[in-house]
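As C-alpha cells, the structure follows; a few thoughts come after it.
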Amino acid sequence: MDGDTQVPMAFSADRLTKRYGTVRAVDAISLSVPACGIFGLLGRNGAGKSTTIKMLTTLLPPTSGTARVAGFDVVRQPVDVRRHIGYVPQMPSADVDLTGYENLLIFAKLYVVPRPLRAGRIDDALSFMGLQEHRNTLVGRYSGGLRRRLEIAQSMLHHPQVLFLDEPTEGLDPVARHAVWDRLQALPAQLGTTIVLTTPAPSRKGSRKRLTEVRLMLRRLAISLLLTRAL
Ligand SMILES: Nc1ncnc2c1ncn2[C@@H]1O[C@H](COP(=O)(O)OP(=O)(O)O)[C@@H](O)[C@H]1O
Ligand SMILES: [Mg+2]
C-alpha cells in the first residue's frame, strides 16, 4: 500500500532524476502505477528507460527525487524493495555453462525461496515458460528466445509483487517474441504480479507493423507511458 491512499501501487516516482555530468538520463519523471496488469515504458534508444528501471530496482541511486516500489522507498528501504521485486536486465544474464534447471536453482537460493518449496517453484516456472523439455540442456545451446524465457522464469521464482523486464523481446524473431508475450500476458493473473516492461518506441519512419504489435501486446495494460524527451 502506498502511505496515504488505499490504492495499492506497483510503483510511484516523484521527480525522479538521474544525471551523468551534464547528461540528464532521466529528467524528473513523476508517475504512479497501480498494482496489477502490465505497464509499458516506451521510448527511443537513449530515452532513459533502462536508467529508470535501474533506479526502481535499487541498482542505481537517483540524483534527486524519490520513488517507492511495492510500498518501499528505493533509497531508504532498498532491501525491502529487492525482496518484493524481480528484474530481468536488458543484457543476457543466464549462465551459459549451466543447464536451465541449474540456473533456476541458483536463483531460487539467491531469492531465498525456502528449501522445501524450491523444487515445486522451479517446476512451476519451467512449465509456465514452456521450458520443461529444455530443463537439462546447457543454456549455451539455447536459442535467444529460450534464454529469455529462462531469464523470466528465474525472476518469478519468489513470486515477486512487481517484475521489471528491460526490453524482454528485443532481438527475438517474431515467433519467439510471441511465445514470450503470450506467457507474460498470463503472468499477472497467475501470480498477482505487476509487470513493468520497457520496449523501444517505433521510430517515426519505422514500422506501422511494430506499433500495432506494441499496442496488441499492451492491450490489457493499465497505462502506457511515452518517454518523450528523446522522441
Ligand atoms: N553510465 C552512464 N554514463 C553516462 N551516460 C549514461 C550512462 N548510462 C546511460 N547514460 C545516458 O543516459 C541516457 C539514457 O540511457 P538509457 O537509460 O540506457 O536509455 P534507454 O534504456 O531508454 O535506451 C542516454 O543518453 C545514455 O547515453
Ligand atoms: Mg535500455
For segment 94-159, size of Cβ-based charge dipole, Lys and Arg +1, Asp and Glu -1, in debye
80 debye
Kirkwood hydrodynamic radius of segment 94-159 from all distinct Cα pairs, in Å?
11.3 Å
Least to most buried among Ser32, Ser64 (fewest other Cβ within 10 Å first)
Ser64, Ser32
In segment 75-127, which trypsin sites (Lys or Arg not before Pro) are in a loop and have at most 15 other Cβ atoms within 10 Å, using DSSP for the loop call?
Arg76
Can you tally the net charge around Gly171? Count Lys and Arg as +1, Asp and Glu as -1, for every other residue whose Cβ sits under 13 Å from the Cβ of Gly171.
-2
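Any read-out appearing in this document is the output of simple, stated calculations on the displayed coordinates, not a laboratory observation. It should be emphasised that the depicted structure is a prediction, and the values quoted were computed from it without experimental measurement. Ideal geometry is used to build each Cβ from the backbone, glycine not excepted, and the neighbour counts take in all protein chains shown.
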